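I have placed the structure first, in the form of structure tokens, so that the comments after it can refer back to it.
Quick note: the coordinates plus some simple rules give every number you see, no bench work behind them. The shown structure was predicted, so the numbers you read here are calculated from the model rather than taken from an experiment. Cβ coordinates were reconstructed from backbone atoms using ideal geometry, including for glycine residues, and neighbour counts include every protein chain displayed.
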Number of protein chains: 2
Amino acid sequence: MGNDHLTPPTHATIDDVAREAGVSTATVSRALHHLPYVAESTRERVLEAAGRLRYVANPNASRLASGATSTVGVLAPVLTSWYTTEVVAGVEDVMAEAGYDLLISTADPEARERMLSGETRFRQRVDGVLLVDVMCREDGAQRLALLDVPVVVLGEEVHAVDSVSVDNIAGGAMAADHLVTLGHRHIAMMGGRSYARDAHDVPNDRAAGFRGALRRAGLALDPLLEVDGGFDIEGGRLAMHALLDLPSPPTGVFAMSDEMAFGVLQAMRERGLRPGVDVSVVGFDDHPVSEAIGLTTVRQPVRAIGRTGARLLLDHLEGSAEVDHHPMPLSLVIRASTGVPHSSP
Amino acid sequence: MGNDHLTPPTHATIDDVAREAGVSTATVSRALHHLPYVAESTRERVLEAAGRLRYVANPNASRLASGATSTVGVLAPVLTSWYTTEVVAGVEDVMAEAGYDLLISTADPEARERMLSGETRFRQRVDGVLLVDVMCREDGAQRLALLDVPVVVLGEEVHAVDSVSVDNIAGGAMAADHLVTLGHRHIAMMGGRSYARDAHDVPNDRAAGFRGALRRAGLALDPLLEVDGGFDIEGGRLAMHALLDLPSPPTGVFAMSDEMAFGVLQAMRERGLRPGVDVSVVGFDDHPVSEAIGLTTVRQPVRAIGRTGARLLLDHLEGSAEVDHHPMPLSLVIRASTGVPHSSP
DNA sequence: CTGAAAGCGCTTACAG
DNA sequence: CTGAAAGCGCTTACAG
């Protein structure tokens, strides 16, 4: 109380600024947008008046009048996994700086279908769309290319629209090669069809790469050692317990995500087994916790994936028509969870 | 190609629907908003026409005309910590269902000041605001109460506006009591002033509760055992190494966040020390990884904090004027990282 | 370099 | 129950 009684009950509009500066609203608009053909002295007067009135343009009015939304839509799996959060953070980094808002929507299967048919809540509300791990395939990408906004696809390689992804086949092979090189012969592979990765090429690609590398080493993947860990911690824990209950448990495990690998390590701890000694474990992602607990993993540049996708979308918003696939690098990070097999042949 | 040539190059507007249904735009608007005083037969005709034309109202036009934004602002520390992500996910759960968009903004110190003075990018763009761990204190809350949108504060107790938080003093005491009960006497406390928690009451409250509980047990906190772990993994690791380099290292450590505790465990692993045997560790949060690695911790209902805050804000948006503090419960989750002191007196 | 005016696509009193 | 019309606050050709 006793404070600033002058606080306006409502916000200043462009008319207020025009009056204050003694010019028309058109001139105010031009001056504030730094458009050419405004006398320097006029511009200064407008800027000053706007500052005095603490004027901020009403975005709804601007957008309605100009047709631009200054918003990009992000369709992503539930923002619950570290991976997704981090990708979106990368997108946010770039888009915030460029002055775009993000409208984030959850990518369940129906949302995916609505997206492909252009029926999303994004309609009329965004200037462009980023799809995170939605898995459209080439036919989906062709439908996206027909939409009236530019679209960039993250997490898979397509060609009808811009895309950025890692080479999951190579990633699976890196994990296998590492375990084989250490001397492992009896190796398990843990994947899954999580909610987020339903109908996904990602696990399939990692599996294919993993199998291929084993094959090249003269090994085959024992069907008993191929398990579903649901891409989360608890799923990884349960699947690992099942593996350890086998008559002949594996000496090495490749978990297709670090979160599953955390569950694997938890199961080992529950049985008093030592990672890297009794059983070797390789994850995928390089979650921040992985370094802390010493998990060997295939690192993806998660945040950079988001940033790169955002930059590509900005290019399109500025008129670029180039369409390409942008591969991102993977690397193996070796830590304490892998070592030579305990009972080496 | 060869596909649907009829796809309209532009979106249907309310005028198109009105023409198609043979009514005025006013009637279309009323019918679509399920307002009273529209003949059932008319409503049906409008709904059908809108469906046929795949009409979606232009939100910018709606918002400009009605003055409502259907958006709530969320001011939160960098969306990089699990805690923040999870709170925001809880907010999103509730707000998405109520038909509100989220406009998320980063809460650095300048953003905090702009918020308190009503100068944010939220101006004119949101119907309400949720502050996550921004720490306004009572005087800040009084300024927020003067703003022209309702505000709910998460993470601290204030009274000028609605707030929801846990009792951090009690939480610090729970950690201390647990370690003392196990027989620990030489106990370290790891806090910090992270970017996110700068100028924060949270660490202070946890520290006060921790100290108070020690005092009640006839113990005092050795100043050498009070360290800064920066509220992240690496900071926790470094601080723990420093503690272990002390002439008389602690037998127990209370880290004020699970992520710091992960760093503590990493440092121990690097030195071959066993959690719960050589040194006992208590965290704070109950991060999903904590169960996997067996970290004893003070659990907060993080997602529920976000949900509760969102519901309170919705209440205000619907006209409620009640203002209250809403406490959320903490609980101690005992796991393998704590045990009786190795060299018990 | 600047202004008058139309228009963006809705919502909402105001009259019937 | 329904329509004509004003108005929300901007932007942007179109003229000067």
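Structural remarks
- Taking the fewest neighbouring Cβ atoms within 10 Å as the starting point, the ordered list for B:SER337, A:SER70 is A:SER70, B:SER337.
- Over segment A:14-57, relative contact order from alpha-carbon pairs under 8 Å, at least 6 apart, %: 41
- Cα-based shape type of chain A, given that a ≥ b ≥ c are square roots of the gyration tensor eigenvalues and the cut on a/c is 1.5: prolate
- Here the calculated FRET efficiency for B:ALA304 and B:LEU146, from their Cβ-Cβ distance with R0 = 30 Å, stands at 0.55, rounded to the nearest 0.05.
- Nearest-0.05 FRET efficiency for A:HIS33 and B:LEU35, computed from C-beta distance (R0 51 Å): 0.85
- When the chymotrypsin sites (Phe, Trp or Tyr not before Pro) in segment A:1-103 are filtered for DSSP coil states and for at most 11 other beta-carbon atoms within 10 Å of their beta-carbon, the remaining sites are A:TYR37.
- B:LEU246 versus A:SER117: modelled label distance in nm, points set 7 Å from Cα along the beta carbon direction: 6.5
- Legend: calculated FRET efficiency, A:LEU273 to B:GLU270, from the Cβ-Cβ distance at R0 = 22 Å, rounded to 0.05, equals 0.65.
- With the simple model of a label 7 Å out from the Cα in the direction of the Cβ, A:ASP15 to B:ALA220 spans 7.1 nm.
- At most 15 other Cβ within 10 Å, DSSP loop - GluC sites (Glu not before Pro), segment A:96-193: A:GLU119
- Approximating the spin labels as points 7 Å out from Cα along Cα→Cβ, the A:ASN204-to-B:ASP315 distance works out to 5.0 nm.
- Under DSSP loop assignment and at most 14 Cβ neighbours within 10 Å, longest trypsin sites (Lys or Arg not before Pro)-free interval of chain B: B:55-192
- Teacher prompt: A:GLY51 distances to equivalent labels in other copies, 7 Å Cα→Cβ, nm: 5.7
- Packing-based exposure ordering (other Cβ within 10 Å, fewest first) of B:THR338, B:THR42: B:THR42, B:THR338
- Among A:ASN58, A:ASN204, A:ASN168, the residue with the largest mean-square fluctuation in a Gaussian network model of chain A, with springs joining Cα atoms closer than 10 Å, is A:ASN58.
- When the square roots of the Cα gyration tensor eigenvalues are ordered a ≥ b ≥ c, the ratio a/c for segment A:168-300 is under 1.5, which makes its shape rounded.
- Hull shadow area, averaged, segment B:76-179 [alpha-carbon convex hull, nm²]: 7.5
- Positive minus negative residues near B:ALA111 (Lys, Arg vs Asp, Glu; Cβ under 11 Å): -1
- Ranking B:ALA208, B:VAL180, B:SER29 by how far each Cα lies toward the positive end of the dipole of chain B (charges on Cβ) leaves B:VAL180 at the top.
- Cut-off 19 Å, label 7 Å out along Cα→Cβ of B:ALA61, residues of segment A:110-136 by amide N: A:119-127
- With contacts taken as Cα pairs under 8 Å at a separation of at least 6 residues, segment A:54-193 carries a relative contact order of 20 percent.
- Helical contribution to [θ] at 222 nm, DSSP H n ≥ 4, -39,500 (n - 2.57), averaged over chain A, rounded to 500: -13000 deg cm²/dmol
- Relative to the other identical copies, A:HIS33 shows label-point distances of 2.9 nm, where the label point lies 7 Å from Cα along the Cβ direction and values run shortest first.
- Starting from the label point of B:ALA208 at 7 Å along Cα→Cβ, the same points in the other copies fall at 6.0 nm, in ascending order.
- Cα gyration tensor, the protein assembly as shown - rounded (a/c under 1.5), prolate or oblate: oblate
- Averaging the Cα positions of each part gives two centres, and for segment B:53-114 and segment B:240-293 these lie 37 Å apart.
- Two numbers describe the Cα atoms of segment B:14-57: Rg and Dmax, which are 8.8, 24 Å.
- Dipole check for segment B:14-57: with +1 at the C-beta of Lys and Arg, -1 at the C-beta of Asp and Glu, and the Cα centre as origin, the magnitude is about 40 Debye.
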